[in-house]
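What follows is one structure encoded as structure tokens, with my remarks underneath.
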Amino acid sequence: MSDLDVPLRPKRKKVWVDYFVHFRWIVVIFVVLPISFTLYFLTYLGDVRSEMKSFKQRQKEHDENVEKVVKRLKQRNPKKDGLVCTARKPWIAVGMRNVDYKRARHFEVDLSAFRNILEIDKERMIAKVEPLVNMGQITRVTVPMNLSLAVVAELDDLTVGGLINGYGIEGSSHIYGLFSDTVVAYEIVLADGRVVRATRDNEYSDLFYAIPWSQGTLGLLVSAEIKLIHIKEYMKLTYQPVVGNLKEVAQAYIDSFAPRDGDQDNPEKVPDFVETMLYNPTEAVCMTGKYASKEEAKKKGNVINNIGWWFKPWFYQYAQTALKRGKFVEYIPTREYYHRHTRCLYWEGKLILPFGDQFWFRFLLGWLMPPKVALLKATQGEAIRNYYHENHVIQDMLVPAYKVGDALEWLHREMEVYPIWICPHRIYKLPVKPQIYPEPGFELQRRQGDTQYAQMYSDIGIYYAPGPILRGEAFDGAEAVRKLENWLIENNGFQPQYAVSELSEKNFWRMFDAELYEQARKKYGAVGTFMSVYYKCKKGRKTEKEVQEAEQAHLETAYAEVDQPMD
């Protein structure tokens, strides 16, 4: 069997859930889409009302809401009440992981009012925003000013709080890092009710570095100051088809954004935006974007593509046409480009609505898209959730850029999930060691894409049904995720915590670094108030007893085996 041959699997016997999932489009069209559209519209009206208020008024309301949070925290009796969590319903989170930790006894703090843009400071180039501000909301305000967050996650519904406490990436991350790397300051309510402002160089710098990937287990984020950049009205996008084996595709992808001479910080050689979509084991399209002015875009002979219209082809399918057309260039309005994957949820929309990409559907009902992920989760029961975990893959692999080819070959053998999304991002060498960190000594290797201060990683996004499932073969989704996680641990990779994980506690802390996080939990009183990040991310329901025992365990002994080999 060659390296890319996939194992033969027995046929899978269909169960009743298969048929329910197959016809789920009926519920989506007649229930989910109309409600989603209504919620989007009501949210938009709320955003407009907020924007009509002065920044001074918004800040005043913010301060009042922070006082309510402090007062609520002080009402908690640690001996009688459960651990602190937000009052948001478990199904509202955009991530696919089920928020089962809220099924244990808990003490709720309502943060639903924290959804306002508090300030756009053009002098400091900072946007001060509350945690429930989403990407669609922030781009609607900043792009007309020719400003943008340095990293804008693609899906409209992704919130600032989720992208900071969890994980956020965009095609500009090869320049600016992950979303949390662009944050200048955090406003945090600690366990004892203190409100602190953490920056990289003040007395709370340890907290500043510990917050990313902490899933809200160090304190309650109530605002963040985030870096802004100057932008132009259009994105000049180049579509470059690539044909070859997986290693050749991986090299073409790296070449698209990383100069071979190592001049990684030269804007003349490095594009503003990068992504690659791999459609099968031998065909991919690399896309690179450069900001362009309205005057340039409208020059005679240039093609402008308004991809944001509801009837337009889904972006990933449109990009695939480069495999037949060859290399081509066009200009896309910047905000429409930012949210290019929203309407079809990358390519998940094809499984949710098998005919959703057809012209007749796009023209008649495309304006209702996308369905809210929260509503999709709310309309599925336990059996369907388990079905998706076993027969579907929604994972991201964060791997060193030089290992992308190896990762793609491994994914083909073990999962056969296509299309695949690939996007580069920096992991910075910091004065402390947070949960995710570059490989030791990376700066000495001088690999393509690396600099002295940051190692180039890549996000490999796997969002679809595996090949064996599409062929009607048996497939153990949980075991496949376990293998993926072990591969990441062995190859200095990371798994974003929004995904369903099979990691044991020992392996969780082999993948992530616990030292700074646990020091911050002890120093800022999070132990006994907020659930630890592992138990918050752990798959399955958490009982009150399990959570309490985990919180009461002595931290030094809890992680004593971090460096021991895997079972």
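Is at least one residue of segment 281-294 farther than 29 Å from S458 by Cβ and either among the hydroxyl-bearing types (S, T, Y) or outside any strand (DSSP E or B) (or both)?
Yes - at least one qualifying residue is present in segment 281-294.
When segment 516-539 is examined, which residues are found to be in a helix (DSSP H, G or I), open to solvent by 20 Å² or more (accessible area, probe 1.4 Å) and touching a Phe, Trp or Tyr at 6+ places or on another chain (Cβ under 9 Å)?
Y535, K536
State which residue pairs qualify: first residue within 14 Å of Y253 (Cβ to Cβ) and open to solvent by 60 Å² or more (accessible area, probe 1.4 Å) and inside segment 280-300, second residue in a loop (DSSP other than H, G, I, E, B) and acidic (D, E) in any location, beta carbons under 8 Å apart, and separation of 6 or more residues or different chains.
none
Looking at (1) part of a strand (DSSP E or B); (2) out of contact with any Gly (no Cβ under 6 Å at 6 or more places or on another chain); (3) of a type outside the set (S, T, N, Q), find the lone condition where V274 falls short.
The failed condition is (2).
Restricting to segment 123-146, what's the tally of residues that are open to solvent by 10 Å² or more (accessible area, probe 1.4 Å), free of Cβ contacts under 8 Å to residues at least 40 places away in the same chain and in contact with a strand residue (DSSP E or B) (Cβ under 9 Å, 6 or more places away or on another chain)?
4
Which numbered condition in (1) among the charged types (D, E, K, R); (2) open to solvent by 30 Å² or more (accessible area, probe 1.4 Å); (3) closer than 30 Å to W410 by Cα is the only one that E275 fails?
(2)
Being closer than 25 Å to F37 by Cα, in a loop (DSSP other than H, G, I, E, B) and more than 16 Å from the chain's Cα centre (by Cα) is the filter here, so list the residues in segment 121-173 that pass it.
Answer for segment 121-173, where residues must be closer than 25 Å to F37 by Cα, in a loop (DSSP other than H, G, I, E, B) and more than 16 Å from the chain's Cα centre (by Cα): just E130.
Could you list, in sequence order, the residues of segment 458-509 that are under 24 Å from E439 (Cα atoms) and assigned to a loop (DSSP other than H, G, I, E, B)?
The answer is N491, N492, G493, Q495, P496, Q497, Y498, A499, S501, E502, L503, S504.
Based on what the data block shows, is A198 in contact (Cβ under 8 Å) with a residue 12 or more places away in the chain, open to solvent by 10 Å² or more (accessible area, probe 1.4 Å) and either of a type outside the set (A, V, I, L, M, F, W, C) or within 17 Å of V66 (Cβ to Cβ) (or both)?
Criteria not met by A198.
Out of the residues in segment 337-378 that are farther than 22 Å from V21 by Cα and either among the acidic types (D, E) or free of Cβ contacts under 8 Å to residues at least 12 places away in the same chain (or both), state the one that is least open to solvent (accessible area, probe 1.4 Å).
L364
Given (1) open to solvent by 30 Å² or more (accessible area, probe 1.4 Å); (2) over 30 Å from Y402 (Cβ atoms), identify the lone condition not met by E490.
Unmet for E490, out of (1) open to solvent by 30 Å² or more (accessible area, probe 1.4 Å); (2) over 30 Å from Y402 (Cβ atoms): (2).
Quick check on K227: is it under 22 Å from the mean Cα position of the chain (by Cα) and charged (D, E, K, R)?
Answer is yes for this residue.
Being part of a strand (DSSP E or B) and open to solvent by 10 Å² or more (accessible area, probe 1.4 Å) is the filter; apply it to segment 181-195 and report the residue that is nearest to E67 (Cα to Cα).
Selected residue: V195.
Before we move on, is R385 over 23 Å from T38 (Cα atoms) and at pLDDT below 90?
It is true that R385 is over 23 Å from T38 (Cα atoms) and at pLDDT below 90.
Exactly one of these conditions fails for M235: (1) crowded, with 18+ Cβ neighbours inside 10 Å; (2) under 25 Å from Q452 (Cα atoms). Give me its number.
Result: M235 fails condition (2) only.
W314 - would you say it is in contact (Cβ under 8 Å) with a residue 40 or more places away in the chain, aromatic (F, W, Y), within 30 Å of E502 (Cα to Cα) and open to solvent by less than 20 Å² (accessible area, probe 1.4 Å)?
In short, no.
Please verify whether segment 223-234 includes one or more residues that are touching a helix residue (DSSP H, G or I) at 6+ places or on another chain (Cβ under 6 Å) and either under 30 Å from N280 (Cα atoms) or aromatic (F, W, Y) (or both).
Looking for residues that are touching a helix residue (DSSP H, G or I) at 6+ places or on another chain (Cβ under 6 Å) and either under 30 Å from N280 (Cα atoms) or aromatic (F, W, Y) (or both), one finds at least one in segment 223-234, hence yes.
If D263 satisfies every condition in (1) touching a Lys or Arg at 6+ places or on another chain (Cβ under 8 Å); (2) open to solvent by 50 Å² or more (accessible area, probe 1.4 Å); (3) within 21 Å of E518 (Cα to Cα) but one, which is the exception?
(3)
Identify all residues within segment 5-25 that are loosely packed, with under 13 Cβ neighbours inside 10 Å and either closer than 30 Å to E130 by Cβ or more than 28 Å from the chain's Cα centre (by Cα) (or both); write none if there are none.
Hits for segment 5-25 are D5, P7, L8, P10, K11, K13, K14, V15, W16, Y19, F23.
Within segment 405-436, can you find the residues that are in a loop (DSSP other than H, G, I, E, B) and buried (at least 19 other Cβ atoms within 10 Å of the Cβ)?
Answer for segment 405-436, where residues must be in a loop (DSSP other than H, G, I, E, B) and buried (at least 19 other Cβ atoms within 10 Å of the Cβ): M415, E416, V417, Y418, P419, P434, Q435, I436.
If the Cβ limit is 7 Å and pairs must be 6+ apart or interchain, which residue in segment 74-98 that is assigned to a loop (DSSP other than H, G, I, E, B) pairs with which residue that is modelled with pLDDT under 65?
G82/A104; G82/R105; G82/E544; A93/V99; N98/P90
Please go through segment 170-180 and pick out each residue that is open to solvent by 10 Å² or more (accessible area, probe 1.4 Å) and touching a helix residue (DSSP H, G or I) at 6+ places or on another chain (Cβ under 8 Å).
Y176, S180
Would segment 303-310 turn up any residue that is closer than 23 Å to L149 by Cα, in contact with an Asp or Glu (Cβ under 9 Å, 6 or more places away or on another chain), at pLDDT 95 or above and not in a loop (DSSP other than H, G, I, E, B)?
The answer is no; no qualifying residue exists.
Condition check: touching a residue at least 24 places away in the same chain (Cβ under 8 Å) and either buried (at least 23 other Cβ atoms within 10 Å of the Cβ) or in a loop (DSSP other than H, G, I, E, B) (or both). Does Y402 satisfy that?
So Y402 fails the test.
Just checking, does segment 58-79 include any residue being over 19 Å from G216 (Cβ atoms), over 27 Å from the mean Cα position of the chain (by Cα) and modelled with pLDDT under 90?
Checked segment 58-79: at least one residue is over 19 Å from G216 (Cβ atoms), over 27 Å from the mean Cα position of the chain (by Cα) and modelled with pLDDT under 90.
The values are calculated or read from the model by the stated rules, or taken from the named source; none is laboratory data. Note that the structure is a prediction, hence the values are computed from the model and not measured. Here the Cβ is made from the backbone with ideal geometry for all residues, glycine too, and neighbour counts use every protein chain on show. Each accessible area value is taken on the protein alone, full model and side chains, heavy atoms only, with ligands, DNA and RNA left out. Shrake-Rupley method; radii C 1.70, N 1.55, O 1.52, S 1.80 Å.
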